[in-house]
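Participant: My questions will all concern the structure given below.
The values are calculated or read from the model by the stated rules, or taken from the named source; none is laboratory data. Just so you know, these numbers come straight off a predicted model, no measurement behind them. Methodologically, a virtual Cβ is constructed for each residue, glycine included, from the backbone with ideal geometry; neighbour enumeration extends over all protein chains shown.
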Amino acid sequence: MEAAFSQLRSEATSKDLRTCIETMVKIYRNILSQPTNTEYRSLRTSNSKFNHLVWRFKGAQNFMLTNGWREDGDRIVMDSKVDFGAALDYLIENRAVKPSADEWVADTKQIIVNPEKEREDKLREEAFKQKEKQMIELKKSMKEDRDIAAAIKAEHRNDLSKRRVHKAQKAVPLPSERLNSRV
């Protein structure tokens with residue numbers, strides 16, 4: 001198993017290797033999730049997608065053939081009695097593939113601009129700015145409301161203090177009442 005995987009690792013680029021491993025994991029998981037479905041246990045090697053992703057690599061062929069698959073004409077078939085758990089575990093453990101040093105060239109690295117993502121980012125930024133403006137206006141409005149409430153309370157206190165009688169005075173008749181009493 002390890003020899004076949006080493007062969008696969010040496011003949012495929014990191015991107016192709018990741019795709020190949022993920023495809024094999026998917027095949028094994030399909031068989032595991034639906035063990036009675038023979039569709040997943042028989043694969044045409046002439047299938048262009050399967051051939052491009054997995055079967056074109058000798059290491060992948062050796063890996064699958066050493067882990068329960070057998071060739072039957074233009075197909076590979078896995079019998080229902082084959083235990084492939086170890087192969088699936090091995091693939092899952094080794095699915096993290098880093099690019100090799102020769103694949104990682106700074107001159108060839110390109111950042112591809114995604115217009116949809118840029119549009120979403122721009123919309124998100126505009127929405128954030130708009131929310132920020134709304135928050136500033138809300139805080140300003142709340143401060144004005146607090147100032148108005150404080151002014152009303154102060155005026156109310158002032159009115160109450162003016163109405164209070166601090167010293168009681170004697171009741172004195174009004175000037176008009178005094179004139180009437182003399183007549």
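Participant: Kindly list the number of the only condition in (1) in the same structural domain as A60 (by TED's automatic domain parsing); (2) at pLDDT below 80 that fails for D89.
Facilitator: (2)
Participant: For residues that are in contact (Cβ under 8 Å) with a residue 24 or more places away in the chain and loosely packed, with under 14 Cβ neighbours inside 10 Å, scanning just the range 37-57, find the one that is farthest from L91 (Cα to Cα). Break it down stepwise before answering.
Facilitator: Narrowing the range 37-57 to residues in contact (Cβ under 8 Å) with a residue 24 or more places away in the chain: 41-46, 50, 53-54, 57.
Filter once more, so that each one left must be loosely packed, with under 14 Cβ neighbours inside 10 Å: 42, 44, 46.
Values: S42: 20, R44: 21, S46: 23 Å.
Restricting to residues being in contact (Cβ under 8 Å) with a residue 24 or more places away in the chain and loosely packed, with under 14 Cβ neighbours inside 10 Å, the top hit is S46.
Participant: Out of the range 11-36, which residues are over 22 Å from D72 (Cα atoms) and surrounded by 16 or more Cβ atoms within 10 Å (Cβ to Cβ)?
Facilitator: Once the filter is applied, which keeps residues that are over 22 Å from D72 (Cα atoms) and surrounded by 16 or more Cβ atoms within 10 Å (Cβ to Cβ), the range 11-36 yields A12, D16, L17, R18, T19, I21.
Participant: Pick from the range 68-93 the residues that are β-branched (V, I, T) and in a strand (DSSP E or B): which of them is surrounded by the fewest Cβ atoms within 10 Å (Cβ to Cβ)? Write out each step before concluding.
Facilitator: So in the range 68-93, the residues β-branched (V, I, T) come out as 76-77, 82, 92.
From what's left, in a strand (DSSP E or B): 76-77.
Numbers: I76: 21, V77: 15.
Selected residue: V77.
Participant: Sticking with this structure for a sec: Cβ-Cβ under 7 Å, sequence separation 6+ or interchain: first residue in the range 1-15 and more than 9 Å from F63 (Cβ to Cβ), partner of a type in the set (S, T, N, Q). Which pairs?
Facilitator: S14/S100
Participant: State all residues of the range 34-50 that are at pLDDT below 90 and assigned to a helix (DSSP H, G or I); if no residue qualifies, say none.
Facilitator: T38, E39, Y40, R41
Participant: Just to be sure, is I31 under 16 Å from V82 (Cα atoms), among the aliphatic types (A, V, I, L, M) and under 33 Å from the mean Cα position of the chain (by Cα)?
Facilitator: Details: under 16 Å from V82 (Cα atoms): yes; among the aliphatic types (A, V, I, L, M): yes; under 33 Å from the mean Cα position of the chain (by Cα): yes.
Spelling it out, I31 is indeed under 16 Å from V82 (Cα atoms), among the aliphatic types (A, V, I, L, M) and under 33 Å from the mean Cα position of the chain (by Cα).
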